[in-house]
Amino acid sequence: MPFTTDRYGEARAGSLGFHYLLLVPLGVIGLLVVRRRPALAVAVVAFGGGLIILKFLPNDRYLYPSLPLALVPLAALLGWLAPGALQRALIALAVACVALNAWFMPSSNYYHGDFYEKAPLSRAARLAYIDKCAPIRAIGQYMNRVHPGSPVFLADGSDLAAFNAETYTNGWHQFNVFMRLRKTRDAREMIGIFDRWNVHYVAAPKPILGVRLEPAALRELLTDCVTPEFQTATLFLARIDKDCQRQPSTVPPGKYDDFDPAVVFRGPWIRDTGWPEARAHTITYCNVPGSQILFAFQGDTLNYVYTKAANRGRADVSIDGARKTTVDLYAAKTQWQSSTRFLNLGRDSHLAVITVLPDKNPKSSDRWIDVDAFEVQ
């Protein structure tokens, strides 16, 4: 088992530890000469319990209570030996096993393969690790600071420890919650359930990650009935809108893909993946006149990134209620990541609205309008 740990749980091969391979057998052999009942009883409990667990629940995580007990016979052997070369050799062997474990197995499992950074105790390395492996902590810190005590729903995952409030999860860990939400028919019914639970905030993975959330009512809610309030690189926290009139939240300077929760769509927009030439391989498009894209931002410059093609139409762009221009997305040949830049807007907060127009270039075969990304400076 020390060599095939990956067969018994979410771990790398050999990650159980060198000390169990070397020290435990020595302790068991030592029982033949030590013959102390407490050590023998502990060994029987450790190995007997371990064998029963492996028979019915063959996962190494359930062995954890018995593993420290398996080292008690070695402690008895060390206590029985008189001070001398043999005792010092066993102590040196134990220290060597600890050193080998630290050198060859710098993580508990494959989820955290780079647990040891260059400076694991520095604040920068700690924050980088948390951002990569536990982004939900940033969501929890924000909720605890801005909305203390407010219940929250986790659309994916079950990292409850990040929140100092009642937390509901969309998984088997809370089976009753899981099954109740599975029976919802649409977003409004789900909102009614959340309202009875006093849940007004939801944390979810960003659409760009491609996580398919269930049920369909939850996907509808996250698309049409929430207003994003806080986000990390992979997750976002949103306030549930009972009227399903989602409003865009103002974002700071940066790059925002069309799948980012900060981009709000009104109308039958189609979100599509699998476009290698597009930014982040995604595009959102629509050809129904009057459909809109809303994007709230804080910055002096906005760059609207889109695709020009033979089936594209025209879009009206307004910022803060003032019409800026009409963008013609038609081109005889496809031009990926084309863009239109709006300058000198001022450093205040702004709202950009892009509207699909009914007219188009006479040469175009349709009136499709798309958004690939927004860039704010």
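Quick rundown of the values:
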read-out: Count - residues of the range 311-326 that are surrounded by 15 or more Cβ atoms within 10 Å (Cβ to Cβ), among the small types (Gly, Ala, Ser) and either not assigned by TED's automatic domain parsing to the domain that holds Ala352 or not in a strand (DSSP E or B) (or both); value: 1
read-out: Residues that are exposed (fewer than 15 other Cβ atoms within 10 Å of the Cβ) and at pLDDT 85 or above, drawn from the range 1-39; value: Pro25, Ile29, Arg37, Pro38
read-out: Tabulated pairs, the range 346-362, first in the same structural domain as Gly321 (by TED's automatic domain parsing), second β-branched (Val, Ile, Thr) and modelled with pLDDT of 95 or more, C-beta under 6 angstrom, 6+ apart or interchain; value: His350/Ile319; Ala352/Ile319; Ile354/Ile293; Ile354/Val317; Val356/Ile369
read-out: Index of the failed condition, Pro73 passing every other in (1) surrounded by fewer than 19 Cβ atoms within 10 Å (Cβ to Cβ); (2) touching a helix residue (DSSP H, G or I) at 6+ places or on another chain (Cβ under 8 Å); value: (1)
read-out: Filtered residues of the range 352-377 (kept if part of a loop (DSSP other than H, G, I, E, B), of a type in the set (Asp, Glu) and either more than 31 Å from the chain's Cα centre (by Cα) or over 17 Å from Arg266 (Cα atoms) (or both)); value: Asp359, Asp366
read-out: Candidates Ala11, Ala76, Ala89, filtered to the one that is part of a helix (DSSP H, G or I) and touching a residue at least 24 places away in the same chain (Cβ under 8 Å); value: Ala76
read-out: When residues of the range 131-140 are limited to those that are in a helix (DSSP H, G or I) and surrounded by 15 or more Cβ atoms within 10 Å (Cβ to Cβ), the one nearest to the chain's Cα centre (by Cα); value: Ile136
read-out: In the range 269-294, the residues that are within 24 Å of the chain's Cα centre (by Cα), in contact (Cβ under 8 Å) with a residue 60 or more places away in the chain and either part of a strand (DSSP E or B) or not assigned by TED's automatic domain parsing to the domain that holds Asn361 (or both); value: Arg271, Thr273, Thr282, Ile283, Thr284
read-out: Every residue from the range 330-351 that is closer than 15 Å to Ser364 by Cβ and not in a loop (DSSP other than H, G, I, E, B); value: Tyr330, Gln335, Ser338
read-out: Some residue of the range 217-232 being exposed (fewer than 14 other Cβ atoms within 10 Å of the Cβ), out of contact with any Lys or Arg (no Cβ under 7 Å at 6 or more places or on another chain) and touching a residue at least 12 places away in the same chain (Cβ under 8 Å); value: no
read-out: Condition check for Leu86: modelled with pLDDT under 90, surrounded by 15 or more Cβ atoms within 10 Å (Cβ to Cβ) and either in the same structural domain as Ala11 (by TED's automatic domain parsing) or farther than 18 Å from Phe18 by Cβ (or both); value: no
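The values are calculated or read from the model by the stated rules, or taken from the named source; none is laboratory data. Every value quoted in this text rests on a predicted model; they were computed, and no experiment measured them. A quick note on method: Cβ atoms are made from the backbone with ideal geometry, for glycine too, and the neighbour counts reach across all protein chains shown.
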